[in-house]
Structures are given as structure tokens and as C-alpha cells.
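Quick notes on the structure that follows.
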Amino acid sequence: MRFLALLPLALAGPVLARGSEPAPPPDPDISAIVSAISPARIQRSIVVLTSFKTRHTLSDPLPSGDGIGGAGAWVRAEFERVSAATGGRLRVETDEFDQKPQAPAIPRPVRIVNIFATLPGSRPDSAGRIYVISAHYDCRSKNVLDAESAAPGADDDASGVAAVLETARVMSHYEFGATIVFMAVAGAEEGFVGSAHWAEWAKQKKLNIDGMLNDDIIGSTHAADGHVDRHTVRLFAQGVPPLAQPDDALLDLIRSGGENDTPPRELARAIRDIAAEYEPSMKVRIVFRADRYTRGGDHLSFLERGYPAVRFVEPAENFRHQREPVRVENGVEYGDTTDFIDFIYVADVARLNAATLAVLARAPAPPASVEIETARLENDTTLRWAADAEPDLAGYRIVWRETTAPFWEHSMDVAANVTRATVPGVSKDNVIFGVEAFDTAGHVSRAVFPSPRRTL
């Protein structure tokens, strides 16, 4: 929870009367989207995907077969069905390429097919800003080279694909200022080669991807010890990227104590706030690292190319139901089958994804060129940023917290015509600052950590 700091504002326009008037009510469209997510449709998608013998990347590529080709054809048909139901509002495409052998997981050339559906932004000033939701439709058994044995892949990752499909089905009936891409990628189990290809294409095209949500293993609520948790989802968010040669912007961030305020972590904080408004029964447990030990996901492909990306994962994984052959051994069931999927929980995670995409795609862009003035010694803090030209911008929100606190604690709003503001009596030396943008309906962007401005 943020506590409003009712402070006088220097060097800026008026402080908005936040606190004296009620906050805008939740967006009725977003509330309707959240309510429309269907556990039954999610169950159907997971059952269909697990009906293929295996979705191993090296399995049968034929669209009519019982391998990766058949599964991909079905996913594409589902996207096209969604598009047809909305008068063609979704643009369904494939990203296909021939992957060269790559030891040890890809011993021979193989065709990789990513399937994605684009919901174009409705406003020319915002349509170039993109949000991506992704899951992988391939799967594997214990042996990464085994393309023949049965591998249902219900949790890893039919659960994520079902969430992406259901989110696309519901959201495609509504308009958003920014563009949303719904994606199912292949080649994840062999080193994320599918997502890497698409993310590299996006980078070469200079696409402005402001956030990527990866849903990978979001189906189970039962831990190996029998504990059940239906109301928590883990959200992995990278801090400082592991670069051999950080650029100047990253070095400034580190020098300023902003290692906990990278764009992925600001995205995670925004998701947590959105959950509190639109799905308060779901606890977002943010984990401040890129992923679990020895594991990874397709969000890494986007992180490596400089895009903010996070990963949703169920609260406590049961590894007996991941990548294991289906069997009963010493009275213990193994295998990634639908028997161990909580379809209502998958729907709840999909609702959180949908609310996040909807809020961010309707909110103004995150403020650009955010700086904190450091040219003089003082106990006040002055920030500045570039003006946002989007027509529904209502103002900017300066947020801050103790350096040891994980989430924003205080905030102050300023008017839309303000691009430089001072928070008196709060020293930049003692706290972490950020700046958000919000519109007239109350949609809020992710925060931006300021870089130091050393000149007046």
C-alpha cells in the first residue's frame, strides 16, 4: 500500500488533489475481462494439447500428426477461430525458421514454428508500444532427445498456452491504445530457440516492447509435501543483467543504488499493484531473480535483448509431475498429466495476466528521460522528465520508498503539464524514487527509475 504524502510542491504546477477525492473506480471493461476468463475453456485447451502423443520439438512435424506439428496446427487454428469471432481483429501469423543442429538438445536440423496473434493498438500515438504474453507449446520427457515417448506436458506448458489462448479470446473483444501480442512458441525445451528467434526479430525491427509476460508452469496448486496453495503465484523479475560490459545507463543505475529498480522489477511492481485492484484474492509473490536455479524460460530471450520481461510460475512445483514418464512407482504417481492440474487456478493466473495487459495497454507510456537532479547539495529532491504527448494523460506520479523496502510506500501526483517537480523535505540520498504516468481513467504505467542529472 502507498501512503500519500501531502506535501507542498515547488518548481512545478499544482499537485493533483489525490486523497481529497476518491480514486477512479476500476475500469469496467477490465473487470468484465477478468470475469469472462473461463476455467472450462482452459481445461478444454489443456486436454486437447495433452492428447497429442508428444509435443517434442523433434517429433512428427505434420499438421495432421500426433506430434509438434499437429499441436502447432491446433494452436494456430484456435487463434484463427478467436480472430474470426471478433471480425478479424486478431492478426494471426507464424514465425518459422530452420534451426541448425545445436548440441546437445538439437542433433539435427529442425523446423521451428512460433505462432502469434496481434491485437493492434487503437490509438496512433500508442500503437507502437507493445505488450507480449507468451507460453511454449512444445514439451519433453526426461531425456531431452526422446522425441518418441509419450509426454503429455500438461503443466509444462499446456497450462501456459491455455492461459494465452483464453486471454486472447476474451481481450480481443475490447480496444486498447497499445498493441498486444499473444504468442505460443516452440523450441523452449531445447534452449528457448523459438522465443530467441522472435525476440531477435523484434530487436532488429526496433519494436518498442514495454513488457513481456511469460506463463510457464502455472497449473498446479499441490506441492510435493501435500501443501495446497490456490492463491499465490510466483513472479520472477531480474535485477541487474549479467553483462560482461554494462553500458553507461546500467552503470549509472548501479552507482545510484538502483539495482533493485530495473525495468523488469518495475514491471513486477506494477503487476502486484494491478492484482490488488483487479484480483485481490491472488497474492503475487515477487521473486527478485530472473528464474529458478538450473531452470529458465522464454522471458530470458527478451531480457537478453533489453526488454522488460517477467515469468509467472505456480507457488510450489512438484517435480514428479514435470518431464517424467507417466507411471506409478512404489505407489507414487509420476507424469505431467491433467490429473494434477487445477484448472480454476490456471484461470486465476490468466485473469492476472489479462488485467495486467489491459491496464498497461490502456495506460500512458512510462515517462521518458526521467532524471533526478544531483548538481547541488540539498535535502529536497527534484525530478524531471520528458512530456508525454498522449491525449488522455492526466498527470505524473512521483513515488518513493526506503532503500530497504521492496515496494513503493509514498506518492505525490502532479499535473499533466508538469515536467519538473520538487519533493521538499525528502532527501534523494535516503530513499529510492520513481516516476509513473496515469490517465483520466486511473490506468497507471510502470515506474521509471531516474538517472542522475549532474548539471542544472
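When the residues of region 60-71 are filtered to those that are open to solvent by 10 Å² or more (accessible area, probe 1.4 Å) and small (Gly, Ala, Ser), the one that is farthest from Thr337 (Cα to Cα) is Ser64. For the condition open to solvent by 10 Å² or more (accessible area, probe 1.4 Å), on the phi > 0 side of the Ramachandran plot and assigned to a loop (DSSP other than H, G, I, E, B), Lys142 does not qualify.
Okay, residues lined up against (1) of a type outside the set (D, E, K, R); (2) outside any strand (DSSP E or B); (3) open to solvent by 30 Å² or more (accessible area, probe 1.4 Å):
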position	(1), (2), (3)
Leu267	yes, yes, no
Arg272	no, yes, yes
Pro280	yes, yes, yes
Arg285	no, no, yes
Arg289	no, yes, yes
Val328	yes, no, yes
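None of Ala196, Ala162, Ala147, Ala158 is part of a helix (DSSP H, G or I), open to solvent by 10 Å² or more (accessible area, probe 1.4 Å), at pLDDT 95 or above and in contact with a Gly (Cβ under 9 Å, 6 or more places away or on another chain) except Ala196.
Do we find a residue being assigned to a strand (DSSP E or B), of a type outside the set (Ser, Thr, Tyr) and either surrounded by fewer than 22 Cβ atoms within 10 Å (Cβ to Cβ) or in contact with a Cys (Cβ under 6 Å, 6 or more places away or on another chain) (or both) anywhere in region 199-208? Yes, because at least one residue in region 199-208 is assigned to a strand (DSSP E or B), of a type outside the set (Ser, Thr, Tyr) and either surrounded by fewer than 22 Cβ atoms within 10 Å (Cβ to Cβ) or in contact with a Cys (Cβ under 6 Å, 6 or more places away or on another chain) (or both).
Considering region 178-187 alone, what residues qualify as being open to solvent by less than 10 Å² (accessible area, probe 1.4 Å) and either closer than 21 Å to Ser445 by Cα or not in a strand (DSSP E or B) (or both)? Reasoning before the result, please.
Filtering region 178-187 for residues open to solvent by less than 10 Å² (accessible area, probe 1.4 Å) gives 178, 180-187.
Those that are open to solvent by less than 10 Å² (accessible area, probe 1.4 Å) and either closer than 21 Å to Ser445 by Cα or not in a strand (DSSP E or B) (or both): Ala178, Ile180, Val181, Phe182, Ala186, Gly187.
Note on region 379-437: among residues that are open to solvent by 30 Å² or more (accessible area, probe 1.4 Å) and basic (Lys, Arg), the one that is nearest to Ala368 (Cα to Cα) is Arg384.
Has region 133-143 got any residue that is of a type in the set (A, V, I, L, M) and at pLDDT 95 or above? Quick ask: steps written out before the conclusion?
Initially, region 133-143 is screened for residues of a type in the set (A, V, I, L, M), giving 133, 135.
Filter once more, so that each one left must be at pLDDT 95 or above: 133, 135.
Looking for residues that are of a type in the set (A, V, I, L, M) and at pLDDT 95 or above, one finds at least one in region 133-143, hence yes.
Among the residues of region 244-263, those identified as open to solvent by 10 Å² or more (accessible area, probe 1.4 Å) and closer than 28 Å to Gly442 by Cβ are Asn260, Pro263.
Assigned to a loop (DSSP other than H, G, I, E, B), open to solvent by 30 Å² or more (accessible area, probe 1.4 Å) and touching a residue at least 60 places away in the same chain (Cβ under 8 Å): which single residue out of Pro315, Pro241 fits that description? Give the steps one after another, and end with the answer.
Values: Pro315 fails: open to solvent by 30 Å² or more (accessible area, probe 1.4 Å).
Being assigned to a loop (DSSP other than H, G, I, E, B), open to solvent by 30 Å² or more (accessible area, probe 1.4 Å) and touching a residue at least 60 places away in the same chain (Cβ under 8 Å) holds for just one of Pro315, Pro241, which is Pro241.
Of everything in region 218-236 that's open to solvent by 30 Å² or more (accessible area, probe 1.4 Å) and touching a strand residue (DSSP E or B) at 6+ places or on another chain (Cβ under 7 Å), which residue is nearest to Arg289 (Cα to Cα)? Full working, then the answer.
Here is the first cut: in region 218-236, the residues open to solvent by 30 Å² or more (accessible area, probe 1.4 Å) are 222, 224-231, 234.
Next cut, touching a strand residue (DSSP E or B) at 6+ places or on another chain (Cβ under 7 Å) only: 222, 228, 231, 234.
Values: His222: 23, Val228: 24, His231: 21, Arg234: 11 Å.
Of everything passing the filter in region 218-236, Arg234 is nearest to Arg289 (Cα to Cα).
Give the residues of region 301-312 that are in contact with a Phe, Trp or Tyr (Cβ under 7 Å, 6 or more places away or on another chain) and part of a helix (DSSP H, G or I), sorted by residue number. Hit for region 301-312 is Ser301, nothing else.
The values are calculated or read from the model by the stated rules, or taken from the named source; none is laboratory data. Just so you know, these numbers come straight off a predicted model, no measurement behind them. Every residue, glycine as well, gets a Cβ built from its backbone with ideal geometry; the counts of neighbours run over all protein chains shown. The accessibility values were calculated without ligands, DNA or RNA, using every heavy atom of the protein model including side chains. Shrake-Rupley method; radii C 1.70, N 1.55, O 1.52, S 1.80 Å.
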